[in-house]
């Protein structure tokens, strides 16, 4: 009955999508980095960005083999260790970190750098899965909620100082916890807070609070008398008012100018397209100029001109948009959605809670990166530097996502061996 | 429920992203445009404009390179002002003033910061240009006029306006285009075709090579040189003779239709419409509504032709067989063409035949002939149309199709004209008899008048007048090689021509003949009126003259019009005579006459009805000679014999 062969049980559909995404990613990196190359050299020229990425891709093959050949139970058994190592690697940044573009989130090894935060996502997922898979853990219990959130809070606190944007990624774990029984008011509160946050930046706090008051009073009197609870209503009102005013205060006094600008661009408050708005503006121009079918591979004028900053990393999708057009963009989006939905589907059919939670974490992480990155590139989300999984240039990112995905595929392939 | 939240969010978010992408990539066109502006720089290579030569190959119009420093005020940032100023040798105050002026015009659009650098300054600036954000060099090719006459023939070069840009895809903002004169009519030949280079640029606006390996690039095609039919020396002389007069001279070579001279007065030095003062000068010329220097009188002024029109009346009468050369009409210093209607005549009276009728310019003779034409069919409308059609075969009443951009039809009435003018009641030859002597509804431009006399010189045919002689590496329009034959039989021309010849011997131009040249001509004096303060005021008559020479082998046909020049032989006659002498003999023997014409001025006449004449118009400023009035007595005594009379 036991079938140890990983290759037979591996979800080849996910692997296939992964391979396509990595190859497409490299092709677009090649195109976007060509502009800075004086003479076209071999694709194996490791001094060039496309050459390095090629190397990263090649090196991820042994990585995959290692991940798949490790015993299926290893990840569950050692999840705590992995988590702690991950946290230490983040903490170590405060001492040994190398500052690149204002963010000290790198370890430098000669000419190569390593970004621990890319791996900590995996570690955190494992730790969360391990914690939730404990039969005694019931998320209806407030103490359990606090503990679960604590697992997430530690890496967030360690990442925020270096890279506040990526900390946002951890927000997606709320959806995983909800799947596993976290009361829905967490999600609603998060959702309302998000809406209020955006509204608070657009509308004067006093006006917004007034509107909230009107809504609360309306709801209060429309409720059946027996359900009217003026104490709860007052508390809700005070919380909303406090939140709105504190958002305004934090935005104006705690945020740094470049953080404020990122939101202001999005809200249409900034018009300086040569300054802070440059990235988003150029990115929209590049994508928008692609039209239905794009300008053709290696024919993107914006890409060639190097107008879009960081195009090979966070803005890699602009190359897709410009050179492959709407049709090409749709294809890439379809691949991502297909992969994420496939992982959710696989997660739901897991026999152990551990691998199900972990699968959910994988889907959630891929999704939040995919969404935040593309939404930023098309100008509907603030500029937050998160990579597009498998696409963006960078060894740490590619390996991090590869490990994240293949650990789950290993678990999925291994499921027949459990129980 | 808990299972579907994440997939639902994924679904919603994906729809959102796809919609946004659809909007950016498919709906919003502006981004495509921005992308092109962003990444592709179009660099134009302007070919040099073709040179203009006269009929003998004398260079009239060449080019001069000119380099302007342009500024886009919004982009001027972090520049070393001191270095900049010392490089261009300007003061800091100048610098600030110019920037401010440009900013007032537009912070975003380029303005000329410093016009017309010389080559050395240009080279020095170009080297360090990249240090000065917001400044760049625009090379232009300006006209370099070798002569100070012929402004109306050449036209000028100006920047295209928005109207032209919208109509003609070739032109972009800032491009130059020929306006008026041959610069306009031969614009496409002179300008050539600009070359286009698409250059890929990066975000620092640096060129990073040719766009798509130059697949869309085109090479500039040089402008072609042209030779005009103008005789530069004759043109110059004509303009000099017309100084301080208003009017036009058109000289044509009869056997080819080539325009030898096309003078309008007052005119201006073409060089004033080049360079920094161009705009200011043009505005001054444009706004001079009294002297109208930009109005080419040779082509545009529709005058009552007066007596020269009698030539046509005679020819049509002969062709229609209503008279022959021996037909006689009796004139007793006038002509009673209807009860109570009398047309005065200043001929010597008695029984006149065609020959004396012409050289004495007898009103009675031609009025009688005209009435016979109109009455020939006992049907005035038909008579008028027959007459009118003969005239049209001389190129009258229509645009002539010459190769200059402006013109007027003139006016030759038809039966329709009179049906409109006299609706409901009969009109007859008597009603319209003043047409006979060129005073009725007939209007002609000087060039039509010149073409008419050229046709007479040719004994019944003409070539469409034209100003293009040769296009280097091109061919000129076939229509200028097409002979137009009149409806009047050639045999009827000789009697008329012999009359015109004796205009110089015994007639109204007696005393203006040139030794050794047989000139045939005809004086004209045309009444004219103007509305001044709402009242119709009769102004001084126009002085008109048409002539061709030599009689048997015509080399030049000419029409001269001098506004308010009293009578034909007073101004137009002598000028015609001098022009003919100049063209045929290349030098003037009658120095007294020449001096009188060169120095003579009609300014006083022109200023008569203007309460406060403006003295400092550009035209007045440019007049090289001071306004010198020749005393009227002097003219009268000298010209008393040649004196024409009103109505001739």
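The values are calculated or read from the model by the stated rules, or taken from the named source; none is laboratory data. Note that the structure is predicted; figures quoted are calculated from it, not measured. We place every Cβ from the backbone using ideal geometry, glycine too, and count neighbours over all the protein chains shown.
Overview of values
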read-out	value
Matching residues in the stretch A:108-134 - criterion: being surrounded by fewer than 20 Cβ atoms within 10 Å (Cβ to Cβ), in contact (Cβ under 8 Å) with a residue 60 or more places away in the chain and farther than 16 Å from residue A:75 by Cβ	A:112, A:113, A:114
Tally of residues being in a helix (DSSP H, G or I) and closer than 13 Å to residue B:458 by Cβ across the stretch B:473-491	1
Index of the failed condition, residue B:324 passing every other in (1) out of contact with any strand residue (DSSP E or B) (no Cβ under 9 Å at 6 or more places or on another chain); (2) under 22 Å from residue B:394 (Cα atoms); (3) surrounded by 15 or more Cβ atoms within 10 Å (Cβ to Cβ)	(3)
Qualifying residues in the stretch A:301-344 (those that are more than 10 Å from every other protein chain (Cβ to nearest Cβ) and not in a helix (DSSP H, G or I)) - the one surrounded by the fewest Cβ atoms within 10 Å (Cβ to Cβ)	A:310
Any hit, the stretch B:313-325, residues being under 18 Å from the mean Cα position of the chain (by Cα), closer than 26 Å to residue B:523 by Cβ and in a loop (DSSP other than H, G, I, E, B)	no
Verdict on residue B:24 being within 30 Å of residue A:330 (Cα to Cα), at pLDDT 85 or above, within 14 Å of chain A (Cβ to nearest Cβ) and surrounded by 19 or more Cβ atoms within 10 Å (Cβ to Cβ)	yes
Members of the stretch B:425-444 that are surrounded by fewer than 17 Cβ atoms within 10 Å (Cβ to Cβ) and either more than 18 Å from residue B:379 (Cβ to Cβ) or modelled with pLDDT of 90 or more (or both)	B:441
Residue under evaluation residue B:490, criteria (1) over 19 Å from residue B:325 (Cβ atoms); (2) out of contact with any helix residue (DSSP H, G or I) (no Cβ under 8 Å at 6 or more places or on another chain); (3) touching a residue at least 24 places away in the same chain (Cβ under 8 Å), criterion not met	(1)
Yes/no for residue B:101 being in contact (Cβ under 8 Å) with a residue 60 or more places away in the chain and under 37 Å from the mean Cα position of the chain (by Cα)	no
Any chance residue B:268 is within 18 Å of the chain's Cα centre (by Cα) and under 19 Å from residue B:526 (Cα atoms)	no
Any hit, the stretch A:349-369, residues being surrounded by fewer than 23 Cβ atoms within 10 Å (Cβ to Cβ) and facing chain B (nearest Cβ under 9 Å)	no
Residue within the stretch B:556-566 that is part of a helix (DSSP H, G or I) and either modelled with pLDDT under 90 or within 26 Å of residue B:457 (Cα to Cα) (or both) present	no
Residue satisfying all of: in the stretch B:264-273; in contact (Cβ under 8 Å) with a residue 40 or more places away in the chain and not in a loop (DSSP other than H, G, I, E, B); surrounded by the fewest Cβ atoms within 10 Å (Cβ to Cβ) among these	B:271
Residue match in the stretch B:511-526 (condition: more than 27 Å from residue B:316 (Cβ to Cβ), in contact (Cβ under 8 Å) with a residue 60 or more places away in the chain and loosely packed, with under 13 Cβ neighbours inside 10 Å)	yes
Output for the stretch B:355-364, where each listed residue is within 13 Å of residue B:315 (Cα to Cα) and crowded, with 24+ Cβ neighbours inside 10 Å	B:357, B:358
Hits in the stretch B:550-565 (condition: touching a strand residue (DSSP E or B) at 6+ places or on another chain (Cβ under 6 Å) and more than 20 Å from residue B:239 (Cβ to Cβ))	B:551, B:554
Residues that are in contact with a helix residue (DSSP H, G or I) (Cβ under 7 Å, 6 or more places away or on another chain) and either part of a loop (DSSP other than H, G, I, E, B) or within 14 Å of chain A (Cβ to nearest Cβ) (or both), drawn from the stretch B:173-194	B:173
One residue from B:480, B:506 being surrounded by fewer than 24 Cβ atoms within 10 Å (Cβ to Cβ) and touching a helix residue (DSSP H, G or I) at 6+ places or on another chain (Cβ under 8 Å)	B:506
Residue satisfying all of: in the stretch B:195-230; surrounded by fewer than 18 Cβ atoms within 10 Å (Cβ to Cβ), modelled with pLDDT of 70 or more and part of a loop (DSSP other than H, G, I, E, B); nearest to the other protein chains (Cβ to nearest Cβ) among these	B:217
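To keep it simple, each residue is scored yes or no on (1) surrounded by fewer than 18 Cβ atoms within 10 Å (Cβ to Cβ); (2) more than 30 Å from residue B:383 (Cα to Cα); (3) at pLDDT 85 or above.
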| site | (1), (2), (3) |
| --- | --- |
| B:247 | no, yes, yes |
| B:255 | yes, yes, yes |
| B:305 | no, no, yes |
| B:308 | no, no, yes |
| B:320 | no, no, yes |
| B:329 | no, no, yes |
| B:332 | yes, no, no |
| B:338 | yes, no, no |
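Table: residues versus (1) in contact with a strand residue (DSSP E or B) (Cβ under 7 Å, 6 or more places away or on another chain); (2) in a loop (DSSP other than H, G, I, E, B).
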residue: B:275; (1), (2): yes, yes
residue: B:286; (1), (2): no, no
residue: B:305; (1), (2): yes, yes
residue: B:342; (1), (2): yes, no
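Each row is one residue, and each column tells you yes or no for (1) over 16 Å from the mean Cα position of the chain (by Cα); (2) within 20 Å of residue A:340 (Cβ to Cβ).
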| site | (1), (2) |
| --- | --- |
| A:114 | yes, no |
| A:126 | yes, yes |
| A:140 | yes, no |
| A:149 | yes, no |
| A:168 | no, yes |
| A:171 | no, yes |
| A:183 | yes, no |
| A:189 | yes, no |
